[in-house]
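This report concerns only the one structure given below.
The values are calculated or read from the model by the stated rules, or taken from the named source; none is laboratory data. As the structure is a prediction and not an experimental result, all values here were calculated from the model. No Cβ is skipped: glycine too gets one built from the backbone with ideal geometry, and neighbour counts run over all protein chains shown.
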Amino acid sequence: MVSGKSLIRSGNRRGTRTGKSVAAEGRLGRSAEPVVCEQCGAVLVNRTWRRDHRVTHTLLERATWKSCPACRQVQGQEYLGRVLIRGAFVAGNEDVIRRRVSNVAARADFTQPLRRVVSVDRIEGGLEVLTTSQKLAHRIVHELKKAFRGRASYDWSDDGSLLARWDREEPGAAAQPRRAGQLR
């Protein structure tokens, strides 16, 4: 008889979800597929929203037209990720930081259209970025730290939201983002 840890672990299902439902389906109910978003053009097929899905005439004839969860969140100003960008560095380099945030959001939006930036607002001492997902907020702070150094911290709450902070106190003259392979 062959025994290993995989057989032992496979019998322990304590703490796991029983169904394979997506979190949004629990709140809104499952939609008949395919669904095309009226506002952004994302397509729901095989229980996932994608932008890179091939859209054919037969798919469009069968499709239901609704707003995707991300469009509803942006419209209602609902967010699951909040990024606070603070420090003396932000004042002199706000445009570079905003460009980095928009580049990270654009990259995420292409493959995962439910991850979007809800708003980017100037607050006292820095910027506040609201996102539709925790993961995008985490990724934004990670990319800011990778590009401009500084400190990052993450606080997850029980309601499923993330408060991510990035700050850099040095008032550097002009932002020089680090490139791949560049040493400092």
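May I ask you to verify whether Arg86 is basic (Lys, Arg) and either surrounded by 14 or more Cβ atoms within 10 Å (Cβ to Cβ) or within 28 Å of Glu38 (Cβ to Cβ) (or both)?
It is true that Arg86 is basic (Lys, Arg) and either surrounded by 14 or more Cβ atoms within 10 Å (Cβ to Cβ) or within 28 Å of Glu38 (Cβ to Cβ) (or both).
Considering only region 71-92, state which residues are closer than 13 Å to Gly150 by Cα, part of a helix (DSSP H, G or I) and of a type in the set (Val, Ile, Thr).
Answer for region 71-92, where residues must be closer than 13 Å to Gly150 by Cα, part of a helix (DSSP H, G or I) and of a type in the set (Val, Ile, Thr): just Val90.
Looking at (1) surrounded by 11 or more Cβ atoms within 10 Å (Cβ to Cβ); (2) under 18 Å from the mean Cα position of the chain (by Cα); (3) outside any strand (DSSP E or B); (4) at pLDDT 90 or above, which is the one condition that is false for Ala24?
Checking Ala24 against (1) surrounded by 11 or more Cβ atoms within 10 Å (Cβ to Cβ); (2) under 18 Å from the mean Cα position of the chain (by Cα); (3) outside any strand (DSSP E or B); (4) at pLDDT 90 or above, the one that fails is (4).
Could you list, in sequence order, all residues of region 144-169 that are in a loop (DSSP other than H, G, I, E, B) and of a type in the set (D, E, K, R)?
Within region 144-169, Arg149, Asp158, Asp159, Arg168, Glu169 qualify.
Leu136 passes all but one of (1) touching a Lys or Arg at 6+ places or on another chain (Cβ under 6 Å); (2) part of a strand (DSSP E or B); which number fails?
Going through (1) touching a Lys or Arg at 6+ places or on another chain (Cβ under 6 Å); (2) part of a strand (DSSP E or B) one by one, Leu136 breaks only (2).
Any idea which of Arg54, Arg72, Arg50 is of a type in the set (D, E, K, R) and over 27 Å from Val129 (Cα atoms)? Show your work before the answer.
Details: Arg72 fails: over 27 Å from Val129 (Cα atoms); Arg50 fails: over 27 Å from Val129 (Cα atoms).
On inspection, the qualifying residue turns out to be Arg54.
Being among the hydrophobic types (A, V, I, L, M, F, W, C), at pLDDT 95 or above and under 10 Å from the mean Cα position of the chain (by Cα) is true for just one of Val141, Val83, Val104. Which residue is that?
Details: Val141 fails: under 10 Å from the mean Cα position of the chain (by Cα); Val83 fails: under 10 Å from the mean Cα position of the chain (by Cα).
Every option except Val104 fails the conditions.
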